[in-house]
Amino acid sequence: MDKLKFKGSIRPVHALIAVIAVALLVRAYLAPFSAGSDIPQFYGFGNTMLHHPLDFYAYASGDHWKAEGWPYNWPYVYGPALAYFLGFLRLLGIGSIKYFWDSSGYHVYIARSWVVAVKSLFIAADIGIAGVLYAYASRKLKNGWTGVLLAALYLFNPMVIYVSSIYGMFDGMAVLPFLLGIYFLETGNRKLGYFLIGFSLAVKHTILFPAIIVLWDAFLRGRWKGLMKSLKPFLAGIIVPFAPFLLRPSSLLKIPKLMQGMEPGYTYPISYNLNGVVSLLTYVHDKAGIDTMFYMKHWWLFSLAALGVVLFIHMKTRNLELSLALSYTAFLLTYWRVNTQYTLPFFAFMALALVSSDWSTRALELLAGLPATLWPLMFPTSFWFHVHFEKPNWDMVRFIDRHTLMVFDTWPFVELSLIFTFLLFALITWALAATLSGGCRNGEPT
């Protein structure tokens, strides 16, 4: 990105502090009064980690959800990093939960102390990501103002705020060590870099495609010798968080099945899925009653094809920042269930890609993120400000209602997801065309 310069006595680091301060104020205003349904489920996960620290994965399938005191039967399908944190919070005695049936339905209420404690780490991850974006851009471009801009673009994105501070999901916890790893690769501390990138997969494995790009880059740099050098710290980063479970390894045998996640199928609520193809197929199935499961059953074929395209692009361009963003774009383009929280890494990787993209690619990168940016402004987001609180802050509910479009119909979200999927496809296609025509190479805009 071209260097940004501002006259005056304000230094970039001072501007960054101001940006972070405002971002924290926004998050502190929203976070205590809202909670998505995963926040109370995290309470149950924390209890299980506290009671079965070495056998955690033996209880993670959801089969024992009632006995374990979970409000829902959703499985824990992630690496252990989050479970350690949740177990620690329960060890401190933070939080309480109520869930019961009555004549009006099933109710799940969570204490604000738990909401604040859990979201504090998610918000800290947001701030850390912004700091890494600033540091990376400042080092790469020798200009801190561009770093400030990238940090602000990330921190004030409505979807990023929604994921970490309103709904409350931990994708940023995986992105932060990954980006730190990329930063250390840039500074020459390659072992630590690869270790952190591996560790990020032990937090959440949805960033697998960018990790594959990093290993592919290592192979291209040093062939098999280079790949083996990177694999050792990379695998160590994945394995170390699982090490305590080796004391009772039978629990680990449950992990492969858990990591497969949900069986592909129709996605409900449709409005929550940002894969436009699957949202449309589910909508058609509901309206016409016909079987439209073909894509969902074979999504992985399309995913491998999209990843193959990005591997080819990186082989030709060696533009790591752009390839990381494109690889995650390939995941969002093809995965059968793109939950809203999956878009948070997209905005972090896109901000990183802006460092070394040409202006036309930058424009398309920013445009591709627009539908996901608009989603929390369309959705009746105030729902999360009252559904899981016994005593909601109704002033906050009304405030959010005034500042969102409150779209309850399904079809507008199908349209939004279709636009999102089309723009993701356009971005990869554009990058492939630029590569074939001799576009951006070696991280230098052309």
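A search for C-beta distances below 9 Å between a residue of region 204-225 that is touching a residue at least 12 places away in the same chain (Cβ under 8 Å) and any residue that is of a type in the set (Lys, Arg) and in a helix (DSSP H, G or I), counting only pairs 6+ apart in sequence or on different chains, returns 218/190; 218/229.
Against the list (1) modelled with pLDDT under 95; (2) aliphatic (A, V, I, L, M); (3) in contact with a Phe, Trp or Tyr (Cβ under 6 Å, 6 or more places away or on another chain), the condition residue 67 fails is (3).
Residue 109 falls short on exactly one of the conditions (1) touching a Gly at 6+ places or on another chain (Cβ under 7 Å); (2) farther than 27 Å from residue 231 by Cα; (3) open to solvent by 10 Å² or more (accessible area, probe 1.4 Å); (4) aromatic (Phe, Trp, Tyr), and that condition is (1).
The set of residues from region 325-346 being among the hydrophobic types (A, V, I, L, M, F, W, C), within 11 Å of the chain's Cα centre (by Cα) and surrounded by fewer than 24 Cβ atoms within 10 Å (Cβ to Cβ) comprises just one member, 332. Checking every residue in region 222-242 against the condition of being open to solvent by 30 Å² or more (accessible area, probe 1.4 Å), under 18 Å from residue 342 (Cα atoms), within 21 Å of the chain's Cα centre (by Cα) and of a type outside the set (Lys, Arg) gives zero matches. Remark: pairs (first residue in region 170-189, open to solvent by less than 10 Å² (accessible area, probe 1.4 Å); second residue outside any helix (DSSP H, G or I); Cβ separation under 8 Å; 6+ apart in sequence or on different chains) = 170/204; 171/204; 174/204. Residues of region 120-151 being within 18 Å of the chain's Cα centre (by Cα) and under 15 Å from residue 353 (Cα atoms), which ones? Scanning region 120-151 gives 129, 130, 132, 133, 150, 151. Counting only helices (runs of 4 or more DSSP H) that sit wholly inside region 244-326, not one has at least 1 residues that are of a type in the set (Ser, Thr, Tyr), in contact with an Asp or Glu (Cβ under 6 Å, 6 or more places away or on another chain) and at pLDDT 95 or above.
I'm checking my understanding of the structure. Among residues of region 93-106 that are among the hydrophobic types (A, V, I, L, M, F, W, C) and open to solvent by 70 Å² or more (accessible area, probe 1.4 Å), which one is farthest from residue 36 (Cα to Cα)?
If we filter region 93-106 for residues that are among the hydrophobic types (A, V, I, L, M, F, W, C), which is where we start, we get 94, 97, 100-101.
With the extra rule that they be open to solvent by 70 Å² or more (accessible area, probe 1.4 Å), the set shrinks to 100-101.
On the way: 100: 17, 101: 19 Å.
Top of the filtered list is 101.
For region 380-412, taking the residues that are touching a residue at least 12 places away in the same chain (Cβ under 8 Å) and acidic (Asp, Glu), the one that is most open to solvent (accessible area, probe 1.4 Å) is identified as 390.
The one condition from (1) open to solvent by 20 Å² or more (accessible area, probe 1.4 Å); (2) at pLDDT 95 or above that residue 371 does not meet is (1). From the list 90, 11, 27, the one residue that fits, being out of contact with any strand residue (DSSP E or B) (no Cβ under 8 Å at 6 or more places or on another chain), surrounded by fewer than 16 Cβ atoms within 10 Å (Cβ to Cβ) and in contact (Cβ under 8 Å) with a residue 40 or more places away in the chain, is 11.
A search for C-beta distances below 9 Å between a residue of region 355-377 that is within 17 Å of residue 149 (Cα to Cα) and any residue that is of a type in the set (Asp, Glu), counting only pairs 6+ apart in sequence or on different chains, returns 355/321; 356/321; 356/444; 357/321; 357/365; 359/2. Does at least one position in region 331-353 carry a residue that is among the hydrophobic types (A, V, I, L, M, F, W, C) and part of a loop (DSSP other than H, G, I, E, B)? Yes, region 331-353 has at least one match. Number of residues in region 39-74 that are buried (at least 19 other Cβ atoms within 10 Å of the Cβ), touching a residue at least 40 places away in the same chain (Cβ under 8 Å) and either part of a loop (DSSP other than H, G, I, E, B) or at positive phi (or both): the value is 1. Within region 191-221, being open to solvent by 10 Å² or more (accessible area, probe 1.4 Å), farther than 20 Å from residue 315 by Cβ and basic (Lys, Arg) holds for one residue alone: 191.
The numbered conditions (1) in a helix (DSSP H, G or I); (2) under 28 Å from residue 116 (Cβ atoms) are all true for residue 389 except (1). When each of 366, 311 is tested for being touching a helix residue (DSSP H, G or I) at 6+ places or on another chain (Cβ under 6 Å) and under 21 Å from residue 434 (Cα atoms), the lone residue that passes is 311.
The values are calculated or read from the model by the stated rules, or taken from the named source; none is laboratory data. Please read these numbers as outputs of a predicted model, since none were measured by experiment. Note that we place each Cβ from the backbone using ideal geometry, even for glycine, and neighbour counts take in every protein chain shown. Side chains included, ligands, DNA and RNA excluded: accessible areas come from the protein's heavy atoms. Shrake-Rupley method; radii C 1.70, N 1.55, O 1.52, S 1.80 Å.
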